[in-house]
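The values are calculated or read from the model by the stated rules, or taken from the named source; none is laboratory data. Just so we're clear, the structure is a prediction, and the values are computed from it rather than from any experiment. With ideal geometry, Cβ positions are generated from the backbone for all residues, glycine too; neighbour counts draw on all protein chains shown. Side chains included, ligands, DNA and RNA excluded: accessible areas come from the protein's heavy atoms. Shrake-Rupley method; radii C 1.70, N 1.55, O 1.52, S 1.80 Å.
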Amino acid sequence: MLSVIIPSYNEGENIKIAAKVISEILENNSIEFEIVFTDDGSSDNTWETIEQAANTDNRIKGVKFSRNFGKEGAIFAGLAKAQGSCALVIDCDLQHPPELIPRMYDLWKQGYEVVDARKSGRGKEGIIYKTFAKTFYKLMKSSSGLNLDGASDFKLLDRKVVDALNAMPERLTFFRALSAWVGFKTAQVPFEVQPRVGGKTKWSFKKLFKFAISSVTGFTAFPMQLMTATGIIFFLFAVVMGIHTLVRFLGGHSAEGFTTVILLLLLIGSFIMLGLGIIGYYLSKIYEEIKFRPRYIIEKEIDKNED
Ligand code: UDP
Ligand code: MG
């Protein structure tokens, strides 16, 4: 059985369409399935729509969070709930073309444990957004070795991979990168991002920026190594300057002016502050992880097979 996991946040108008389109495609290809909607603390009628769908079709299940915990939490709740021998994560707004599911399923049948759908175009995204995403993925690749260019959360995972992800103890997850990090036999399928069927995107620039920073720091200690590198460069500079100053001093000329001293002080001061900031950021991550709070809190669930 294939478990379809759909994270949904204020998707009231999309739930029914998504359920209908996806079920039809799967039925036509005679793929046995269940659909797990995770309502990520929506403030609209998302949960009511999920309940209605679950009441009419017992293959449809729902999990409702007590508040908005973010897409990551919603995906992981779905993975925990999924009972299939493979699980597919797909967006509720049908921006991930569901027509691709049968092909992804076939690849899974052929023995691929991770079927990774990659964006071949970025759809109708702004130029700033595109540049931002490109830079972010470059940074991730050079620092962590994971190639995430074009990666999305649209993936089909074998039970083994789902179990491996479920067993991860960390709180601050990044699904897209974690599913690459776990390894396994991977196939890639390109897709074109579709326009949203209804509603609007839940991501603000601020949210995305925070997400990017926390993903980079969650995967690599590269920013901290950058500090060491800066330190080494400064040290080499210090040696040259030191020798220069000493030679001049011994030759009877003292080094000129305050300007040098002030400039050096300012420069070193900023670098130290920056370094402290980076350490502080990692420290706050450690603090968050060490509290061992759950990734999400489930308020209620609906599963007509269990009643
Ligand atoms: N989503 C979620 N929690 C959030 C934000 C988004 O579960 O806090 C879901 C949303 O309902 C959708 C998917 O994540 O199914 C992708 O969100 P969206 O379409 O807003 O992002 P975009 O496609 O613009 O990247
Ligand atoms: Mg979307």
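Tabulated data for the structure shown
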{"read-out": "Those residues of segment 55-103 which are more than 10 Å from ligand 1 (Cβ to nearest atom) and aromatic (Phe, Trp, Tyr), in sequence order", "value": "Phe76"}
{"read-out": "Boolean, Leu79 is open to solvent by less than 20 Å² (accessible area, probe 1.4 Å), over 22 Å from the mean Cα position of the chain (by Cα), away from ligand 2 (no atom under 16 Å from the Cβ) and touching a residue at least 60 places away in the same chain (Cβ under 8 Å)", "value": "no"}
{"read-out": "Which listed residue, of Phe222, Phe235, Phe271, is over 28 Å from the mean Cα position of the chain (by Cα), open to solvent by 60 Å² or more (accessible area, probe 1.4 Å) and closer than 22 Å to Ser143 by Cα", "value": "Phe271"}
{"read-out": "Residues satisfying the stated conditions in segment 50-67, i.e. touching an Asp or Glu at 6+ places or on another chain (Cβ under 8 Å) and open to solvent by less than 20 Å² (accessible area, probe 1.4 Å)", "value": "Ile50, Ala54, Ile60, Lys61, Gly62, Val63, Phe65"}
{"read-out": "Members of segment 1-13 found to be of a type outside the set (D, E, K, R), over 22 Å from the mean Cα position of the chain (by Cα) and within 16 Å of ligand 2 (Cβ to nearest atom), listed by number", "value": "Gly12"}
{"read-out": "Tally, over segment 108-128, of residues that are of a type outside the set (D, E, K, R), at pLDDT 75 or above and either open to solvent by 30 Å² or more (accessible area, probe 1.4 Å) or within 16 Å of ligand 2 (Cβ to nearest atom) (or both)", "value": "8"}
{"read-out": "Leu100, sole failed condition from (1) open to solvent by 10 Å² or more (accessible area, probe 1.4 Å); (2) assigned to a loop (DSSP other than H, G, I, E, B); (3) within 16 Å of ligand 2 (Cβ to nearest atom)", "value": "(2)"}
{"read-out": "Boolean, Phe76 is in contact with a helix residue (DSSP H, G or I) (Cβ under 8 Å, 6 or more places away or on another chain) and over 15 Å from Pro7 (Cα atoms)", "value": "no"}
{"read-out": "Residue in segment 27-52 that is nearest to ligand 2 (Cβ to nearest atom), counting only those that are out of contact with any helix residue (DSSP H, G or I) (no Cβ under 7 Å at 6 or more places or on another chain) and under 24 Å from Ser85 (Cβ atoms)", "value": "Glu34"}
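Listed here are the residues, each with its yes/no results for (1) part of a strand (DSSP E or B); (2) aliphatic (A, V, I, L, M); (3) in contact with a Cys (Cβ under 9 Å, 6 or more places away or on another chain).
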site: Ser120; (1), (2), (3): yes, no, no
site: Ala133; (1), (2), (3): no, yes, no
site: Ser152; (1), (2), (3): yes, no, no
site: Asp163; (1), (2), (3): no, no, no
site: Arg171; (1), (2), (3): no, no, no
site: Ser179; (1), (2), (3): no, no, no
